[in-house]
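The next block holds one structure in the form of structure tokens; read it before the comments.
The values are calculated or read from the model by the stated rules, or taken from the named source; none is laboratory data. Since we're looking at a predicted model, the values are computed, not measured. Don't worry about glycine lacking a Cβ; one is built from the backbone with ideal geometry, like all the others, and counts go over all protein chains shown. Side chains included, ligands, DNA and RNA excluded: accessible areas come from the protein's heavy atoms. Shrake-Rupley method; radii C 1.70, N 1.55, O 1.52, S 1.80 Å.
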Amino acid sequence: MRVPLEALDITTESLIRFTPRVLEQSFGSIVLPRQISLLHSSERAPLSIVAHGVAVSAARSLPEAKCVFLDSGTNYSPTLARTICSPTDDTAEVLSRIIVGQVMGLSDIEEMMGMLTELDNISVLVLDSLTGSLNLTGAPGTKGRQRELFHTLETIRKAVNKFDAHALITDHSSRNWISGEPTPIGGNVLSHAVDSVVRIDRLRTNENLIRILTERCAATQNPPSIIVRADSKGIRSMK
């Protein structure tokens, strides 16, 4: 039986309230249930800071849910997560809802997806970073690594569909030698597997200012680009 599109219950606005509020403009229509977003940058630090911001925002907004943070190295920082928390938060309670797991390769990510079945009420799954897992899986550009990447992304898609959760993936980007534009590592396999692509650039005028630019998303119109301060003190509005 066919169902008209207007009858489908499609979430178009995130249930998460982001800190600082300026992040709502970028992630409010991106971090949605049953979708996968990709954040890429030429630098690792801004990606991890924003990934922490999304994880903390999810943990503090939905007290009945958990956030899973998959760390492919030494990216997760309890100190940074604590700094991002609001002064009005019960910081210990918020951090207790962020479950941190270590992944060293793509096979570890797939195994972790299976282990998540023991949990319930997962709202957001953060992978920081895909690049680290790829580097520990195989040589760049090989067919074997791309096939495993495809399978891993399919496993993540099944997980977010099952848990009605969102997956946010960070990834390093390199300059395309023809166009000069930053391109996420993973190629077409990765590009076709995600719903949103967000680029994060550090502004030269001030080292702690970053631009968050949505290149593609499932929404009718891309959110406007925003500029925030991001460093070891967390994420802050320019005001």
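Taking other residues whose beta carbon is less than 12 angstrom from the beta carbon of A58, and scoring Lys, Arg as +1 and Asp, Glu as -1, yields +3.
P(r) tail for segment 160-238: Cα pairs beyond 16 Å make up 63% of the total. Take the Cα of L15, step 7 Å toward its Cβ, do the same at L203, and the gap between the two points is 3.5 nm. Could you check the simple spin-label distance between K162 and N176, using points 7 Å along Cα→Cβ, in nm with one decimal? Reported label-point gap for K162 and N176 is 3.5 nm.
Ignoring ligands, DNA and RNA, what percent of the accessible area of the chain is carbon or sulfur (1.4 Å)? Of all accessible area on the chain, carbon and sulfur atoms account for 52 percent.
Candidate cross-link partners of K233 among the lysines, defined by an alpha-carbon separation under 29 Å and a same-chain spacing of 8 or more, comprise K66.
So what is the accessible area of the chain per residue, in Å², with the probe set to 1.4 Å?
Roughly 51 Å² per residue, with all protein chains present.
R0 = 30 Å: FRET efficiency of V189 with E43, Cβ-based, nearest 0.05?
On the way: r = 23 Å, r/R0 = 0.77.
Rounded to the nearest 0.05, the efficiency is 0.80.
Taking the convex hull of the alpha carbon atoms in segment 83-239, what volume per residue do you get, in Å³?
On the way: hull volume 25.2 nm³, N = 157.
Taking only Cα atoms, segment 83-239 has a hull volume of 161 Å³ per residue.
Model label sites at S96 and M238, defined 7 Å from Cα along the beta-carbon direction, differ in position by 4.0 nm.
Against the compact-protein benchmark of 2.2 N^0.38 Å, the Cα-based radius of gyration of segment 60-163 scales to 1.17. Rounded to the nearest 500, the helix-only mean residue ellipticity at 222 nm of the chain stands at -9500 deg cm²/dmol, with each DSSP H run of n ≥ 4 adding -39,500 (n - 2.57).
When the alpha carbon gyration tensor of segment 110-186 is reduced to an equivalent ellipsoid, its three semi-axes come out at 27, 15, 10 angstrom, largest first. Note that segment 12-51, at 37 °C in a medium of 0.692 mPa s, gets a Stokes-Einstein diffusion coefficient of 295 µm²/s from its Kirkwood radius over C-alpha pairs.
Report the local net charge at A193: Lys and Arg +1, Asp and Glu -1, summed over other residues whose C-beta lies under 11 Å from its C-beta.
On the way: positive: R157; negative: E154, D195.
That works out to -1.
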